[in-house]
Structures are given as C-alpha cells and as structure tokens.
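Presented below is the structure to which this report refers.
Every read-out reported here was derived from the displayed coordinates using simple, explicitly stated rules and does not represent laboratory data. Here the structure is a predicted model, which means the values were calculated and not measured.
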Amino acid sequence: MLKRIFDIIVSTVAIVLLLPLFLVIALLLKLETPGPVFFLQTRVGLNGHSFKMYKFRKFAHGATGGPGVTMVKDPRMTKMGKILERFKLDEIPQFINVLFGQMSIVGPRPETPNFVNYFKPSDYDVLKVKPGIFGINQLIYRREADHFPKDSDPELFYIEKLMPEKLKNDIHYNKNATVFSDMSIAIRCIFAVVVEPFSSRWKRMIREHQDQRAAMNTTEKDFSPNIKL
C-alpha cells in the first residue's frame, strides 16, 4: 500500500512538472516525421498480465523488421529518436502507466511476450512484482546497446546472455527491496540519465585531446635531430 501511494504521488507530480517537456517533444516529433507521437508496445506485467506500455516514438513511422532490441546507431531511429534514446526521454510517458497502476516507479523492466517465452521456470519470479520505470539493471547496464558484440545476433545474445543476468539481478533485488532502496534506485537512475551523457562526452573530449598530444609528442621525437655534443 505504501509503495502504491508513493507511485501515485510521484507519477502525478512528474506528469504535471514534465507536461511542458511532453508538449515540446510531441511537437518536435510531429515536425520531423509523420506518424503518432506515442509508441504503444505490449509488455508483460504483474502476474503475467499484458498491458500497453507508453513510449515516445523513436523510430521512423512504419519502420518494420530489425531486432527486438535497440542497437547502437540503429538505422530505424530518427534524429529526434537518437536524442530521446540518449537521455532516455522516450521512457517518461510511462509515468502514465504508473498512474494507471500498470507499472511502478521502481521495479524490473517489463519484457515483451516474445522474450517472456524464453523464461526458465525460476525466471517467472520476476513477474511477482509490478514492472518499473527505474530498476537495478538501469544502473548496471546504463548503455545496454554497448554490451552487444558487433557480429552477434542481437536478439539471440540478449536471450542467452543479457536477459538471464538481468532477471537474476531483478529477482535478487525484489527479495530485498524496501521503500528506501526504491527511492535510492530512482534517484541514482535519474542522476545517471541526466549526468552520464555529459560526463561521457567530457571524458571523450579529454581522451581525444590526450591522444592528440601523445601523437604530437611522438611526431616531434621522430623528427628531432639526433645531435651528440
């Protein structure tokens, strides 16, 4: 009951505060490509019940084919979709799902029915709690697409490697979760989403600068005259 009250309060406040951002994103999506603003996808929730999860549309309208997971430089993604993906802004409509009682602020990320079909018997324990917007795996696999080997079948790799690890993490967290641990996860996830993209870019710029300086130093050594006094 306490968690549900927490979910209602947080989701209501989030929807009100984020409404201007909702409208801006919706306008930019409509200006870039035709098609709906929202992408509704069937996910499996509490006790195996299916529901429609809200997301801002990242892919071009009518894009078909491709893996069931989003890859780095996914060709189906629009320019606006890339921005939404980088900052995870495509997920914020899920506060609507939380308000409707289909999801929680913190919980395991819901899978599609296709992936649930590959669950082992023990994996179904993850469906004993409501799925969430934020979860432990959003911290462990902050940039999930980077974990896929370049030459692998992305869906097969997800089913055989990533999904079992994520399910294990979620089930372990669910057994020990408290309201305070949920609050901690939510805050840390928000911090990671807001700060990480900028910190990663800053670190990359520093690394590139260091590489350039190292290359210049190497060049200077190669061309310096070997003078003996």
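Structure data summary
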item	result
Cα gyration tensor category, rounded, prolate or oblate, for the range 49-135 with a/c compared to 1.5	oblate
Subset of K88/K120; K30/K150; K120/K166; K3/K161; K128/K166 violating a 22 Å alpha-carbon distance limit	K88/K120; K30/K150; K3/K161
Kirkwood Rh and Cα Rg combined as Rg/Rh, the range 2-222	1.02
Cut-off under 5 Å, modelled amide H: who pairs with Y54 long-range	N97
log₁₀ of I(q)/I(0) at q = 0.22 Å⁻¹ - the range 1-93, Debye sum with one point per alpha carbon	-1.20
